[in-house]
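S.K.: Quick one: structure below, then a few questions.
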Amino acid sequence: MMTNLFSIFDPSTNLFNIPLNWMSTLLGLMFIPYSFWLIPNRHFMIWNFILNKLHNEFKTLLSKNNFNGSTFIFISLFTFILFNNFLGLFPYIFTSTSHLTLSLSLSLPLWLSFMLYGWINNSTHMFAHMIPQGTPNILMPFMVLIETISNIIRPGTLAVRLTANMIAGHLLMTLLSGTSSNIPSFLIIFLLSIQILLLILESAVAIIQSYVIAILSTLYSSEVN
């Protein structure tokens, strides 16, 4: 019995009193052996094409001073979030990306590492980012305050954006499915068509949100160089 509407995001899945909710984040490892096949299949070739496109795009966004292989950090972030978003669309699978526990544990270390590297190695560049070019002298203290606040809330906005988008679609699908027992039988087909459209929309949201998180993390990294 659901105690409240949000309990669908924290199901009591356990075996021998051991909670197994977060084991769903490891299901993406099942797809890794595809890359070790002697003859690549279509799945691997499509995925390799996507990764190459992402690598080229992230390399363009990063400045020329970026370290070799730094794009693979953001590709791994994209892949991890994408797999977890999609796995949450399957029935009875725990949606780990709908919790701030996971999204904050991804965004906060990234943001802290960018800030520490920027202030230690490029402090002059970081101070220059505080005041946009052409700002009047009287507005400089306010701009520094605004830029500082916007910098501090970046990991929170990354985490909340991902969590809120995952929760919103799941809640809407749950609310609509809960009304199926109270509507006439001739409206079931209409309800099913709406649910299918919502599922397609959620699949698109799963891809878009993982891409947005990876792109924003890349942009935050490029600002410290």
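S.K.: Do we find a residue being touching a His at 6+ places or on another chain (Cβ under 8 Å), buried (at least 20 other Cβ atoms within 10 Å of the Cβ) and on the phi < 0 side of the Ramachandran plot anywhere in the range 99-119?
M.R.: no
S.K.: Take the range 127-153 and flag every residue that is over 26 Å from the mean Cα position of the chain (by Cα) and among the hydrophobic types (A, V, I, L, M, F, W, C).
M.R.: 127, 128, 130, 131, 138, 139, 140, 142, 143, 144, 145
S.K.: A further question on this structure: Among the residues of the range 214-223, is any modelled with pLDDT of 80 or more and not in a helix (DSSP H, G or I)?
M.R.: No, the range 214-223 contains no residue that is modelled with pLDDT of 80 or more and not in a helix (DSSP H, G or I).
S.K.: Just checking, how many residues over the range 167-225 are surrounded by 15 or more Cβ atoms within 10 Å (Cβ to Cβ) and of a type in the set (Phe, Trp, Tyr)?
M.R.: So the count comes out to 2.
S.K.: Output the residues belonging to the range 44-65 that are surrounded by 15 or more Cβ atoms within 10 Å (Cβ to Cβ) and assigned to a loop (DSSP other than H, G, I, E, B).
M.R.: If the condition is that a residue be surrounded by 15 or more Cβ atoms within 10 Å (Cβ to Cβ) and assigned to a loop (DSSP other than H, G, I, E, B), then 62 is the only one that fits.
S.K.: Follow-up question, since we're still on this one. Of the residues 210, 177, which is modelled with pLDDT of 85 or more and among the small types (Gly, Ala, Ser)?
M.R.: So the residue among 210, 177 that is modelled with pLDDT of 85 or more and among the small types (Gly, Ala, Ser) is 210.
S.K.: While we're on this one: So residue 196 clears everything in (1) β-branched (Val, Ile, Thr); (2) without any contact (Cβ under 8 Å) to a residue 60 or more places away in the chain; (3) touching a helix residue (DSSP H, G or I) at 6+ places or on another chain (Cβ under 6 Å) except one condition, right? Which one?
M.R.: Against the list (1) β-branched (Val, Ile, Thr); (2) without any contact (Cβ under 8 Å) to a residue 60 or more places away in the chain; (3) touching a helix residue (DSSP H, G or I) at 6+ places or on another chain (Cβ under 6 Å), residue 196 comes up short only on (3).
S.K.: Right, next: Filter the range 180-207 for residues that are of a type in the set (Val, Ile, Thr) and closer than 20 Å to residue 90 by Cα and give the result.
M.R.: 194, 196, 200, 205, 207
S.K.: Having 3 or more residues that are among the aliphatic types (A, V, I, L, M), within 19 Å of residue 222 (Cα to Cα) and without any contact (Cβ under 8 Å) to a residue 60 or more places away in the chain is the bar; report the helices (runs of 4 or more DSSP H) wholly within the range 83-168 that clear it.
M.R.: So the answer is 100-121.
S.K.: Could I ask something else about it? Looking at the range 125-143, which of its residues are over 16 Å from residue 114 (Cβ atoms) and touching a helix residue (DSSP H, G or I) at 6+ places or on another chain (Cβ under 8 Å)?
M.R.: 131, 132, 135, 143
S.K.: How many of the residues in the range 83-93 are crowded, with 21+ Cβ neighbours inside 10 Å and over 10 Å from residue 27 (Cβ atoms)?
M.R.: 1
S.K.: For the range 152-166, which positions are touching a helix residue (DSSP H, G or I) at 6+ places or on another chain (Cβ under 8 Å), surrounded by fewer than 18 Cβ atoms within 10 Å (Cβ to Cβ) and of a type outside the set (Gly, Ala, Ser)?
M.R.: 160, 161
The values are calculated or read from the model by the stated rules, or taken from the named source; none is laboratory data. Here the structure is a predicted model, which means the values were calculated and not measured. As a convention, Cβ positions derive from the backbone with ideal geometry for all residues, glycine included, and neighbour counts pool all protein chains shown.
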